[in-house]
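Have a look at the structure below before the remarks.
The values are calculated or read from the model by the stated rules, or taken from the named source; none is laboratory data. Bear in mind that the values here come from a model prediction, so they are computed numbers and not experimental data. Glycine also receives a Cβ, built like all others from the backbone with ideal geometry; neighbour counts cover every protein chain displayed. Quick note on the areas: whole protein, heavy atoms, side chains included, nothing else; ligands and nucleic acids left out. Shrake-Rupley method; radii C 1.70, N 1.55, O 1.52, S 1.80 Å.
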Amino acid sequence: MLKKFLLSLLGSFRDLIPIVVVVAFFQLAVLQQPLPNAGDILIGVVFVLIGLSLFIHGLELALFPLGESLAHAFAHKGSVSWLLIFAFCLGFGTTVAEPALIAVANEAAEVAAKGEMIGSTEASKQSYASGLRYTVAFSVGLAIVIGVLRILKGWPIHRLIIGGYVIVLTLTMFAPKEIIGIAYDSGGVTTSTITVPLVTALGVGLASSIKGRNTMIDGFGLIAFASLTPMMFVMVYGMVIA
């Protein structure tokens with residue numbers, strides 16, 4: 001286990017080097033200014049390095065095997081209903097807990113209050129942020145259900161994705177301008193640190209458990225649905241509360 005962690009640490013160090021080089025180059029060579037609080041920045045980089053390594057190690061140790069084992073178990077159980085219920089709950093639960101979504105929802109509530117779209121009270125902002133979070137979470141749960149059905153039925157992913165983006169573009173023409181940017185950003189923040197590992201493992205595990213399915217072709221694509229449906233639902237949410 002220690003060896004694997006050290007390898008993760010080395011890999012994280014290699015990944016961080018380009019970022020450090022770019023920032024240092026523009027700060028020292030282009031702006032020609034010393035790094036502010038260099039000591040704090042160095043400590044922060046070390047924390048990021050350790051945290052990223054622990055996160056990757058944790059994914060490999062727990063979340064990926066857990067998602068795959070659950071997918072195998074549901075496939076062998078043969079209950080499509082329970083599999084779809086689990087898929088929805090997984091998408092909904094992981095999205096509600098996404099730190100990035102919480103941050104975006106809270107920021108959107110603050111901006112909406114300043115723009116007088118909602119009341120400036122804490123209750124109004126909390127209600128707006130919660131409504132946004134649960135709308136996105138519901139849409140991701142539904143997206144994972146659609147993705148699981150695609151794996152089970154063998155539907156071509158490109159047709160579903162193209163159809164989805166046609167709906168997104170259509171909704172964009174009718175949605176309030178204030179909600180469009182939030183809707184598009186919601187599609188990105190939902191696929192973050194918590195959702196991606198479990199959902200990816202679910203798709204790969206399910207595809208590898210079903211005879212006639214190709215893991216590379218059928219196992220991936222759930223994240224695309226999880227990015228697509230929040231854009232639709234948030235724009236509808238904006239039209240409803242406008």
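What to note about this one:
- Accessible-area rank, largest first, for Ser209, Ser127, Ser12: Ser127, Ser209, Ser12, with all protein chains present and a 1.4 angstrom probe.
- In Hz, Karplus ³J(HN,Hα) per residue of segment 38-47 (6.51, -1.76, 1.60; θ = phi - 60°; x = Gly, Pro): 4, x, 5, 5, 4, 4, x, 4, 5, 4
- Accessible surface of the chain [probe 1.4 Å, protein heavy atoms]: carbon and sulfur percent: 71
- Accessible area of Lys3 in the full protein assembly, 1.4 Å probe (Å², nearest 10): 150
- For segment 1-79 versus segment 164-242, the gap between their alpha-carbon centres in whole angstrom: 24
- Per residue, the chain exposes an accessible area of 55 Å² to a 1.4 Å probe, with every protein chain left in place.
- Taking all Cα pairs closer than 8 Å and separated by 6 or more residues, the relative contact order of the chain comes to 26 percent.
- Table column - 3J(HN,Hα) (Hz), segment 27-33, Karplus curve with 6.51, -1.76, 1.60, x for Gly and Pro: 6, 8, 8, 8, 6, 6, 10
- Calculated FRET value between His158 and Gln32, using beta carbons and R₀ = 51 Å, to 0.05: 0.55
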